[in-house]
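Here it is: the structure, laid out below.
The values are calculated or read from the model by the stated rules, or taken from the named source; none is laboratory data. Everything numeric in this text was worked out from a predicted model, so none of it was measured. Here Cβ is always computed from backbone atoms with ideal geometry, including for glycine, and neighbour counts include all displayed protein chains.
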Amino acid sequence: MSSSDPRSYDAPERLVVLDTAHLAGLISDAISNSRERRRSAQRFIADLLERRWLPLLSWHHLEELLQHRDEALVDARVRYLRELPRAAWVRPFDDRAGPGSILEVFRAEVAAAVALPGARPAQVRDLARQHVIVIGAGAEAIPEHFRDWRLLRPALAGQQANARSVAAISRWRAHDIEVRRPAASAAAYCSGV
């Protein structure tokens, strides 16, 4: 592999944000009784990581994944995220809180803009990114106490009706990842192209 190949070890890691519905589908495939679906899900994550694309997790993902009626499925979702070998997540205000939310992103952007008065948006973005993204194993992103996610259920109950009204416009299906454009590969796959 050449140094320009995204699979080379010195290539920078890049981030990919999966829609929560697609992430839920990936997890369902990973725990499926179907060996083909399990292999497809394993291959998808392996392909992402091989190409140095890291799934980016946020509180929004976790909040939606925790709101399923099937408690065994939610347990499996938490376990799956904790078992990811490598991921990125939004740095939370409190490191024990799990992935952060858009509020942490805004906080970092405001702090960067204040630190660099007159900076161009790209400069603010680059400075904020240094403070907002964490990279590590899934168990670092999703702390151990999330195994007790049922304690959050009352707080999430108000969000559940809204979450059910929002759906992905396409179903999850694992797909080979194009080296340069995983988003295009995922879009083509989801549209059946």
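Here are 29, 75: which of them is among the charged types (D, E, K, R) and surrounded by fewer than 20 Cβ atoms within 10 Å (Cβ to Cβ)? Spell out the reasoning first.
Details: 29 fails: surrounded by fewer than 20 Cβ atoms within 10 Å (Cβ to Cβ).
Unique residue meeting the criteria: 75.
In this structure, is residue 40 crowded, with 17+ Cβ neighbours inside 10 Å and either farther than 19 Å from residue 139 by Cα or β-branched (Val, Ile, Thr) (or both)? Don't jump to the end; show me each part of the working.
Numbers: crowded, with 17+ Cβ neighbours inside 10 Å: yes; either farther than 19 Å from residue 139 by Cα or β-branched (Val, Ile, Thr) (or both): yes.
The answer is yes for residue 40.
Can you tell me which of 129, 69, 96, 86 is of a type in the set (Lys, Arg) and at pLDDT 90 or above? Show your work before the answer.
Working: 129 fails: at pLDDT 90 or above; 69 fails: at pLDDT 90 or above; 96 fails: at pLDDT 90 or above.
Answer to the selection: 86.
Also, I was wondering about something else. Collect the residues in region 78-90 that are crowded, with 19+ Cβ neighbours inside 10 Å and not β-branched (Val, Ile, Thr), keeping them in residue-number order. Show your work before the answer.
First pass over region 78-90, keeping only residues crowded, with 19+ Cβ neighbours inside 10 Å: 78, 80-81, 84, 87-90.
Passing the criteria: 80, 81, 84, 87, 88, 89.
For region 1-120, list the helices (runs of 4 or more DSSP H) that sit wholly inside it and hold at least 1 residues that are in contact with a Pro (Cβ under 7 Å, 6 or more places away or on another chain) and without any contact (Cβ under 8 Å) to a residue 60 or more places away in the chain; which are they?
Helices (runs of 4 or more DSSP H) meeting the threshold: 35-50, 59-65, 102-115.
Based on what the data block shows, is residue 73 closer than 23 Å to residue 25 by Cα and in contact with a helix residue (DSSP H, G or I) (Cβ under 9 Å, 6 or more places away or on another chain)?
Answer is yes for this residue.
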